[in-house]
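Everything below concerns the one structure shown next.
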Amino acid sequence: MERERFSLLGLMGRILLPFVLVYGTWNPSGRSFYQWAIAPFFSGTPAIGPVKVLVALLLLAGWIVVVQATWRSLGLGGATLIAAIFAVLVWLLIAKGVSSSRTAPRPFGTWDLWRSACSSPSG
């Protein structure tokens with residue numbers, strides 16, 4: 001089996017496509033699939049249309065590809081470790097007040113994130 005050659009374009013695709021997938025699914029700016037299609041169900045104003053279903057299916061297909069690729073490359077132990085790291089990062093963001101599970105998401109910049117995460121020596 002011939003190995004693929006490494007290229008800058010391939011690297012950018014492997015970085016940008018999952019980023020677009022995650023950011024399109026949910027992001028703190030309020031412009032994501034979650035706020036557009038899922039949040040209205042919780043507020044009592046659901047509106048299902050063909051565009052929302054198409055976007056949902058495209059996101060689902062993207063997530064399946066990303067999860068399968070992650071599973072194949074990392075295995076159970078690696079995937080568990082990465083999930084634990086991200087869970088602790090979310091915990092840190094909530095503990096530092098950068099994000100909250102109870103309030104509406106607010107946009108924040110990278111500087112705000114690092115300043116909040118590093119502001120207390122208690123860790």
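Throughout, read-outs are computed from the coordinates displayed, never taken from laboratory work. A quick note: this is a predicted structure, and the numbers were derived from the prediction, not measured. All Cβ positions, even for glycine, are placed from backbone atoms using ideal geometry, and neighbour counts span all protein chains on display.
Here the peptides 14-27, 74-87 are ranked by packing, the mean other Cβ count within 10 Å, and the order with the highest first is 14-27, 74-87.
Over region 2-102, what is the mean sequence separation of C-alpha contacts under 8 Å (at least six apart), divided by residue count, expressed as relative contact order in percent?
On the way: 31 pairs, mean separation 14.3, N = 101.
RCO, region 2-102: 14 percent.
Of the trypsin sites (Lys or Arg not before Pro) in region 21-82, the ones in a loop by DSSP (not H, G, I, E or B) with at most 14 other beta carbons within 10 Å are ARG31.
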